Structure formats: structure tokens, C-alpha cells
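Bear in mind these aren't lab numbers, they're just calculated from the coordinates by the rules spelled out. Computed from a prediction, not measured in an experiment: that's the story for all the values here. With ideal geometry, Cβ positions are generated from the backbone for all residues, glycine too; neighbour counts draw on all protein chains shown.
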Amino acid sequence: MRIVFILCAVIVMTGCAGTGKKASITAEELTRITVKLASDRFFGRGTGTGGDSLAALFTRKEFEKAGADPFIESGLQPFRVNVAVEPGKNNSLTIDGREYIAGTDFMPLALSANSSLSAQVVFCGYGLLPSGDTLHRDDFAGLHVAGKWALVLRGYPESHPASAGYGSISSDRIKVLNAREKGAAGVLLVSGEKWDVADNLDKPSRSESRAGVPVLQIRRSVADSILKGTEATIKELEEKAADSKSATGLITQTTVDAEADVDKREAITSNVVMMMEGNSNPGEYVIIGAHYDHLGMGGPGSSSRVPDTVAIHYGADDNASGVALMIELAERLAAEKAGHARSIIFVAFSGEEMGLLGSKHFIENMGIDPSTVNLMINLDMVGRMKDGNGLQVGGVGTAEGLRDTVTYYTDTTAIRLSFTPEGYGPSDHSSFYGKNIPVLYLTTGAHLDYHTPSDTPDKLNYTGMVKIGDLLANLISWAANSSSRLAFTEAGPKEPTSPMGRRRGVTFGIMPDFAGNVTNGLRADFVTPGKPAALGGMVKGDIIVAIDSKPVSNIEDYMFRLSHLKPGQRVPVEVLRNGARKLLIIQL
């Protein structure tokens, strides 16, 4: 079957040979485009910024010069993204008639619900709960926090030997979810001296999903006012709470009347979507994609590997390299005088760095049936081919014969291939794989400059990019002209897990909807055959709304619920399927 498959491809390519002069993919042109995209002009192409918009216009212009036409009206597909949150106008905090000042004495967290609460305060140590077989600490033991404020220390006692292992479950969000799980109606977070001697307030900046209760960070002086009637201070309680064997929880007689208000700031960004229309079968497609966004100026809250550095993150390899190669491929394919049977769509995605947002938006709004797409090829970080000429190709298991075809069109004296079969991976092709579209994911791999300001154009191997381009030009022409269609097969995915999930070994076996396209639930964009979710009856598109009778509103809730499950446990999972609520029993 595979031999016939490849022979058909050879016949198609032979038929196209000699029909016209091919435009060469050159190191000079790849350099020119990459240097422009990864320049000071675009300020690191942060999603939803002015630099992002300018980069989109530049990319569209380069595609037009290459010979591609807009797939949609202007070639730009705009969509909204949450880029930041800011304190709103209605933040307040009053203790025993004394009003405190927002931004000076307290600050709402980005994960806070916009709501108010007047209630008694209960101190709950570090707000930690047992996890796994080795972490047994329960800071809520013996405390009744239902309907009350939970006052919780931030972080964990790093210097205490018994606290080793708690680092991965000590984020503000996890503490808030722990308190909410115990019934708390609001959470007050405070930094002890050993956690933050400066007692800084963290201004909300990056957008987060809401935790469902009001959440305020307060200064130690405010916390001490709350503790006034207990003859304790935060300094003393931090010392005591370091020992997990000491009971530190206490009920105050203080009522806190507060309101949390955070405003989400949205911005407009755009995918750049261009096309070359097929001449005999224009209603079928091959899609080539590469994300053009990056981290902007980096800084705290970004995914920069040097978060304390605010500077342009140029993103030459990640992913100006992929966009430059995609534009050069468009020029070469446009020069093939006979054209192509199928239409070829080129998409420069935005929002990849924020969770595949652009590819998610495109696949949900592309205006064509996913079944008409023969193949999607994703280029992400293709500019650092190293000694040995290695190229990683993922997704070869998503269609029968795909690996053999890639090998056939590769000059193995110029490129050394390594393969992975899975269709899911940490880039935009995953959005297409979730729609049963065969995918290929090409990359030359990570490096020490990844997600730092040091990822600059001078470090790219443009000669290596030319080699990859020559392979892709032939592969795309085959996919666009072959008389036979690729037959999709499931392969994977490699499911990402949190540190808790990895340690505990608990997984449902789904690819969650990281973009948050569904509110009040978590959609399963892919369900791996043979894994617990599939065996329990879950299908792609199911929206998880509860696990073990506890609500799931978003990806963070989902990961939090997983962290409290154990291997071998049978857990009820409620899902929405076509608007109807169903109960599944999943064996972990």
C-alpha cells in the first residue's frame, strides 16, 4: 500500500517537472525577511501590541510580493485576546471602620472574581492540602472556613526540610482553589518576611481565568490589624507555620468588608491568511502555517526564561525563521507555471505564545470544512540546524505512508531526519490535529537562546533553512497534486501535564482546550484511544463541567481536580455533549 502511495506521488511530481522555472529559496532572502521581522521596529511582536500589528502588515505585504492572494477580504483575520488585567475602580477594604487604600495597602489579584464579601477571617497557615503519597500537610485541618475569608501565607517554608516537595503546589492560584474547596467565600493572601522581606504588592498584569471568589493580596500591617485580637502577628505565625506538625490555624474575631475589582484589557490581533487557488480541485486544501508572534518586551508574567529582564525578545528563530521560510516557499510555489490541483493556504498565526490562540481561532472560523484539508504543515523554529544537519519531523503517524513520503523527498546527504508519530505537540499544528487533519511539524529544536532577548538573526543557519525549504517545496507540491488523499489516523497526543500530574501519574488522556473557547467548562479537543477518558466513554468535543462532583470551569480547575486524584481511583465525571449533561465513570 505504501509503495503504491509513493509511486503515485512520483508520477504526479514527474508530470509537474519542467513546466516552468522555479524561484529559488535563497539564504539572502531568508536573511532579509528574518532580520526585518526580528528587528527593533516590531518590538518583539508581542500579541496584541503595535509591534504585532506592524509585523502582520509586513508579513502580508511579503506574501503579496511572493505571489499569494488574500484568502479572506484583506488577508488579515482579526480576533480579540485578553492581554492584561488592571485594578478596577471599585476596590475597597475596611476593617473595624478603618478604610485601607487600594494599591498601597492591598491589591486585587488577576484571578479574583469581581465581587464583594463581608465576613469573619480565619487564618489558614500556608493554605496547603495533602497531595500524593508523600505530602501530607493539611493547613485547613480543624478549621471551619465556609462562608468566611481565608487568610493565607504566600509561598512555602523553603528552608524547612519537611517542606521539600511543596514548591510545585504553592502557587497563589492553587492556594485560592484549596481555600475555595474548603468553602471559603474569599481569600486574603499575605507575604511573610521570609518569603518577601520588602512586602511588595503584585499588580495584576497578565490575564488569568477567574477563581470564583474575591482574592486580595494585603500587606503584613493589614494582616496584623486583622490578627489584633489574637495576640499573634504574621511574623510569629510564619515562624510557627514552617513546621508542618504545628497547628497554626486560628479563628479571628475580625470582620473584613472588602470588594475586589479587576478589569480585563483586550486587544485586537490578526492571523495573516493568504492563498494560491488550485486549478483543478480548488475546494481541497493544503495548509502551511507558522506563528509570527513572540514575547514582546518579556518581563514578569511573560514566558521569558529571563523574566527579570525587560528588553526586546527578538524571536529570530522563534518564529521569524518559520515565517520567512513560509514566504520563500510561497514564492517558489507561485513560480511553478502549471500551478497546483489543490489550493494552498498560508497562515501566519498570532497568539501562539499565549496558548495557540491564533490557530484555534483560525480552525474554528476558517470557513472551509476540515475534511477538505489534505495536509497541514507547521514550521516552528527551523533556523538553528546544527552540525549533523538534524531536522525533527513530528506528526508522521497522522496518515498512513506519511513518514515514507517525507523520507522519499529528503536528500538524506543534506538532512538527517528524526521522526515522532504524535499529532499533538507544543505548537499550532495541534489545533488542526484536533480536527482530524493530518499534520507535519518541522523544527530544528530548542537552544539556550530560546525565549530570551538573545534569539537574534545573526545566530541562524540560513543555509540549513534553504535545505529544509527545498524538501518542503517538493513535499507541498506532492500534497497539492497527488490524485490520492491522505487518510487521517490517530497518533497520540503527548498530553501536557502539570508538575503535580507528572509526579502523581494521573491523567485522563485528553488534549484540553487551552485557548478557553468554552466558558464554564473545559472542552476535550482530543481523546486518546485506550486512555482512561476514552475507556470511560468520553469523546472529542465533550465539555467537562465536574470531576468527582466538584465544578470545573476552566483549564486551571481541571488541573487542580486532577492533582487530588489517585492512580486506580474510579471518578465520576460530568460532561456536556450536544447540550445534554452526561455522567461518565472514569477509571484512572
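To the nearest µm²/s, what D does Stokes-Einstein give for region 392-489 at 10 °C and 1.306 mPa s, using the Kirkwood radius over alpha carbon pairs as Rh?
Numbers: Rh = 14.8 Å.
Estimated via Stokes-Einstein, D reaches 108 µm²/s.
Can you compute the FRET efficiency between Thr372 and Ser246 using 1/(1 + (r/R0)^6), with r the Cβ-Cβ distance and R0 = 60 Å? Round to the nearest 0.05. Mind dumping the intermediate values first?
Details: r = 64 Å, r/R0 = 1.07.
The formula returns an efficiency of 0.40 here.
Lys435: which aspartates and glutamates have alpha carbons under 13 Å from its alpha carbon, excluding same-chain residues fewer than 8 sequence positions away?
Glu364, Asp369, Glu490, Asp513, Asp525
What is the angle, in °, between the Cα long axis of helix 462-481 and the longest principal axis of the Cα atoms in the chain? Nearest 10 is fine, range 0 to 90.
Helix 462-481 sits roughly 70 degrees off the main axis of the chain.
Can you pull the one-decimal nm distance between simple spin-label points at Thr420 and Ser209, each 7 Å off the Cα toward Cβ?
Placing both labels 7 Å along Cα→Cβ, they lie 2.4 nm apart.
To the nearest Å, what is the center-to-center distance of region 334-389 and region 73-89, using C-alpha atoms only?
Between the Cα centre of region 334-389 and that of region 73-89, the gap is 22 Å.
Can you give the three extents of the C-alpha atoms in region 499-587 along their principal axes, from longest to shortest, in whole Å?
33, 23, 23
On a 0 to 90° scale, report how tilted helix 27-37 is relative to the longest principal axis of the chain, with both axes built from alpha carbons and the result rounded to the nearest 10.
Value to nearest ten degrees: 30.
Region 25-106: which GluC sites (Glu not before Pro) are DSSP loop and have at most 11 other beta-carbon atoms within 10 angstrom? It would help to have the intermediate numbers written out before the result.
On the way: sites: Glu28, Glu29, Glu62, Glu64, Glu73, Glu99; in loops: Glu73.
Those satisfying the criteria are Glu73.
Over the Cα atoms of region 207-360, what Rg and Dmax result, in angstrom?
27.0, 86
For a quick check: sort Leu375, Leu76 by the number of other beta carbons within 10 angstrom, fewest at the front.
Working: Leu375 28, Leu76 20.
In order of increasing Cβ crowding within 10 Å: Leu76, Leu375.
Between Rg and the Kirkwood Rh of region 218-273, both from Cα atoms, what is the Rg to Rh ratio?
With Rg and the Kirkwood Rh in hand, the quotient comes to 1.34.
Relative to the longest principal Cα axis of the chain, at what angle does helix 172-181 sit, 0 to 90 degrees, rounded to 10?
60 degrees
May I ask you to order 45-53, 399-407 by the average number of other C-beta atoms within 10 Å around their residues, highest value first?
Values: 45-53: 22.8, 399-407: 19.7.
Those peptides, ordered most packed to least, come out 45-53, 399-407.
Based only on the alpha carbon positions, what is the Kirkwood hydrodynamic radius of the chain, in angstrom?
On the way: mean 1/r = 0.0386 Å⁻¹.
Across the chain, the inverse of the average 1/r is 25.9 Å.
At a Förster radius of 25 Å, what calculated FRET efficiency corresponds to the Cβ-Cβ distance of Asp404 and Ser24, to the nearest 0.05? Working shown, then result.
Details: r = 27 Å, r/R0 = 1.09.
The pair Asp404/Ser24 has a calculated efficiency of 0.35.
Across region 499-587, how many lysine pairs separated by 8 or more positions, or lying on different chains, have Cα atoms within less than 17 Å? If you can, show how the numbers build up before the last one.
On the way: Lys531/Lys540; Lys531/Lys566; Lys540/Lys582; Lys550/Lys566; Lys550/Lys582.
For region 499-587, qualifying lysine pairs total 5.
Order these by the 10 Å Cβ neighbour count, fewest first: Val187, Val539, Val152. Don't skip to the end; give the middle numbers.
Details: Val187 30, Val539 13, Val152 25.
Going from least to most buried by this count: Val539, Val152, Val187.
Within straight cross-link reach of Lys459, meaning Cα distance under 20 Å, which lysines are found once same-chain residues fewer than 8 apart are removed?
Excluding near neighbours in sequence, the set is Lys36, Lys386, Lys467.
Taking every DSSP beta bridge that has both residues in the chain, what percent is antiparallel when rounded to the nearest 5?
Working: 60 of 96 bridges.
Counting DSSP beta bridges with both partners in the chain, the antiparallel share is about 60 percent.
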